[in-house]
1. Relative contact order for segment A:84-191: what is it in percent, counting Cα pairs under 8 Å that are at least 6 residues apart?
2. Enumerate the amide H contacts of B:S226 below 5 Å, restricted to partners 5 or more residues apart or on another chain; note that Pro and chain-start residues carry no placed amide H.
3. Give me the orientation-averaged projected area of the Cα convex hull of segment C:90-281, in nm², one decimal.
4. About the Cα centre of chain A, how large is the charge dipole given +1 on each Lys and Arg Cβ and -1 on each Asp and Glu Cβ? Please answer in debye to the nearest 20.
5. Just want to confirm a number: the relative contact order over segment C:90-281, from Cα pairs under 8 angstrom separated by 6+ residues, in percent.
6. To test your reading of the geometry: what angle, between 0 and 90 degrees and rounded to tens, separates the Cα axis of helix C:61-75 from the longest principal axis of chain C?
7. Note down the relative contact order for chain B as a percent, whole number, built from C-alpha pairs under 8 angstrom at least six residues apart.
8. Using only the alpha-carbon atoms, how far is helix C:287-315 inclined from the longest principal axis of chain C? Give it as 0 to 90 degrees, nearest 10.
Amino acid sequence: MTFRNSLRLHWYYIPLIFFLVFFSCQNKNQHQIQQTALYPPTEQTEDGGTLVVGIRTEPETLNPLFALSQSARNVLGLIFGRLADINADLETFSPGIAKSWEVSSEKRQIVFHLHQNIHWHDGRPLTAEDVVFTYQMHIHPVIAWDGISYKQNISDVTAPDDSTVIFKFHHSNHTMLLDAVEGYILPKHILQQYPPEKLYTAGFNRRPIGSGPFIFVEWQDLQHIRLAKNESYFKATKPHLDCVIFRIVPDNFNLLNQLKSGEADMVEGIHPKNFLAIQKSWEAGRSAIRPISYLGRRYDFIGWNLIDPQSYAEAVAAGATRASIDSLIRPNKLFGNQKVRVALTMAIDRQAIMNSVNFGMAVPLHGPVPPILPSYNADANIVWEYNPGKSLDWLAELGWKDHDGDKILDRDGEPFQFEILTESGNLHWEQVATIVQAQLAEIGIRTTLRFLEPALLYGKRLPNREFDAVIIGWTVGLTPDYAPLFHSDYFFTPFHFNGYYSPEFDRLDALAKSAPTKAAAQRYYDKIARLLSRELPYTWLYYRMECSAIHSRFKNIIFDKRGLYVNLEDWWIPQSERLKIDRIFEN
Amino acid sequence: MNNLHTKSKMGGSLRAGCGILLFILLFILIGRLLTPYDHLSQNLAEALESPSRSHWLGTDHYGRDIFTRLIYGGQLTWIIAIFATLIAIVIGTLVGLFTAWWGGWFDLIVMRLVDVALAFPRIFIVLLVIGLGGSSIELLIWLLALFSWMETARIVRAEVSTHKNFAYVKAARASGLGTNRILFRHIFPNIAGPVIVSAILLITNIILVESSLSFLGLGVQPPFASWGTILNEGKIDPLGNWWISVPAGVCILVTVAGFNLIGDGLRDLFDPYRLN
Amino acid sequence: MLSVFLRRILSLLPTLLIGITLSFIIIHLAPGDPANRFLNPNQTPEMQSSIRERFGLDRSLPVQYGRWLKNVIFHLDFGYSFYSGKSSRAVIAVALKSTAILSFWALVFALIAGISLGILAALKQNRFIDYFCNNLMIFFLSIPGFWLGLMLIGIFSIQLSWLPGAHLQSLYHHQLGPGARFWDLAGHLILPVITLGLPLAATFFKYIRSNMIETLNSDYILAAKARGVNRSKILWKYALKNSLLPIISLLGIVIPALLSGAVIVEVLFALPGVGRTMVTAVYSRDYPVLMAAVTFGFIAVLLCNLLADICYRIVDPRIQHSPGEIS
């Protein structure tokens, strides 16, 4: 069984917790635009200048084997290189460290031809040996690399000569190339000095040496990380900016302040409210801070607990396996019934939530497939529109009525009440939860809110199924995989917390994965979307737009669903618009 | 001469403090008669409105009336502060009374524990709050109390150590009264002054700590709110939506100032040196 | 004197050990597992156990504690951060530096402001300036710290653009000359130092003012006055010295409070200090960093108490050492 690591928890570790991490945006049609270039690419560019990126959390490490946070990944993308980089269509690739490759389905292998003149930042040549070493690190059990799932279909990696690497696979499928190129290539000559179990604490993690367009210069703890242009970058176009600085500012208010005062040039994850203000002054020509919004990678949802927590605990204690799910697990007394989930979904006004929490900078979401993926088909979902009257009718059919006149629905003397969990410190979800609570109260459902710290929520309550409903979000990978969330193979794993079990889903998922072509797979993805949007293991709320802002002196910026760091090496600043900071770190 | 002046002035600060607190208490207790709104019902269409005739202090992100929320928020703030202080004072007084009375090894060990507790980083409140699964109001009260009783214990211990040698205690002892009777009937009334002063100081401290817990997102859970949580809710755009956080901040400020004024006045009243 | 000093240091050790052990237990028993950060739907059981092994979490709690204590005592090694892989000692050492700078200047600011205004108010007792200072100080004592910080940033950093609102130094700090570096640092410190120092200044003010008034009215000062001793000599030589004495013992209480008050200031002003490091460590369950911070914190607090005590003895020899007395 192979599967993709396509979904990760919204894991706002660290100071984060206090500082509202907000993402979303307006302009509902923007997701149809594949890519946005802020300026038409120009022939003449000018070298020099400094970009200061304001970030909330400090990267935990700059070793690609251990980095999990988004802030670390953004920095790593500038320092390290991959064999090939995925394009905006999420299907084709552009050359990276490999200048070309041949995919052979029959032989179940890919042959990569590396660029001849690539050097590590310390001057040593990058060879096929480094690629092989990187693969060995990726699958090393002691390393426990986060992206291991990409490598599970690979049987062997060899280097017949210094510039050729051959990846061999167990099975041939349409994701072979993606699997092979995932992960940054690491310098063997440095990392082999450390035994694998010492790598986690290696000095390299704080002073990385890569092969990317920017060279690591310094890291001042909790203050900033500074990178400089790589003069001997192997690609034809060298980076234009002299210097990129990541400045760490945990407090949101202060971070925005830095953007306004010019101490930071670029900030991501701006609260929509603040974003709208930035947009207003930009449009009025009062500010040099350009707002940027695009459909990102996150959506939020309400997850219902479909199973009875106690029966789950008993089943786990009894060593239950997938085969005994049916006999051991009892459905949840509230949400085990699909009609209840539909009724609750119809009682929730997504649009009101989006307007109030996201200030309109989000698109409603009705099914599991994220709108940024090629496999998204809006018509495949069954849409349960906001309709509290109908919701009450459905509940009444099931016996939930306000018999005793206390404005709370009840059945057999039991009031309809439950607890909604969300992550504490994430003001965004706290707000969604507060509004959902009020909307459910409208139809007579009593809820209590509980905001839990991430370690407790994701580490204890969800994995142990000790919850009724939870409001959180997922970050979406670039390839679709719904199995970890809904497939019965994953029934006892932490991410499958809502306990959805459907043989029909299992069947469709297997068919989609083994489909020989993308078109064939699409049919099954549509069926999956239809099935899940009817059964509603989640009530999907909305897909967020990312809100960022960047100083207008930077030209040639391209951003799309892959993010804002797609072509940072091509950014440049005209001499006439340079500021004091641009001259300080001149090379 | 100077002493007399001080007295009258300090009496003034006592009166001023009482006046302020009385006003705040009236506000949070009968303020709800002044407002037609409910503190929990949302009206998303009227979200984030600036102060107007219908909403005296504007509305928050959910269109709830800030003025109304301040009234209910104040109740919670006061309840938390008063109960936490009471618990801390009771613990502190008991520890102080018995350590001073029994002395010896018991005293040594307990006071060493007090040292540990005093040196404990306050951030552990945060760890305990989140570790124990969010923050119910009872939990908050207990944790705040748990981290605040030590000063009182020290003060009481010092006072009792002095009083132990006074004639009235010796007389009580000689007449064969029990420990509890001496401690609670005879000594305690005589040292109540400093205890009350320390309670007043504690309460100001607890209100401020509770509000900084809210700043860290660990205070009272929504939809309910204390002044600290309301203050925190205005953090997204503190300059643009000043009407959310400023009034809550002023409420905290004025209340704490009121207690501080009373504390000043009382300290002066009870100050043994000045009474001489 | 020396033996008293040594005895006191020895008597601190059990306190320290109890505190550290208690912290270790609280930290490790708090729900949540550091390995959860690496949670991933595709993780195999071996990967999971290798991560737990990496952090030594596969051992029982007493074994973990024994190992930790041994490494700390014999090698001064607090282990590696679970979160970043850095040495915890290094993490704390870096953070301590900036917390020390911040706390030191906040203390200096508070002492200067508190003492000078306190003396002024005491001398001008019951005049306008006295009332004014008194009420101002009550205001500073009563304002929530983070609110004060937010307002200072809003006014001086955003509206007026006079002072930077974040960090300890500019990005180009190391490109500056030595003089400019000093001013750069000073500029960055002003707002956080005021935020942290104001409530403290108010505390000092109250002590100084009431002590000063008390001393000025005490018998020996009145006697000196009656003898016709020069007024300024009375003031500076006798009254001030006696009024300042209690401040020393106050320092033992104030410094720990300063360290914990620094948390919010450090987060608000993005300063790389111990408080911020600890909050981060709490949330990621970074046990080694937390324990290193707690240990340093305990030592700092206990040493401050001790130093205050000793200073007090030196300045005021009237106080005799009594075995039952632990201040």
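1. Relative CO of segment A:84-191 lands at 27 percent.
2. B:V220
3. Directional mean of the projected Cα hull area for segment C:90-281 stands at 13.4 nm².
4. Value, rounded to 20: 420 debye.
5. Reported as a whole number, the value is 36 percent.
6. The answer is roughly 60 degrees.
7. Relative contact order here is 27 percent.
8. With both axes taken from Cα atoms, the answer is about 20 degrees.
Rule-based calculations on the coordinates, nothing more; no lab input. Quantities reported herein were computed from a predicted structural model and do not represent experimental measurements. Ideal geometry is used to build each Cβ from the backbone, glycine not excepted, and the neighbour counts take in all protein chains shown.
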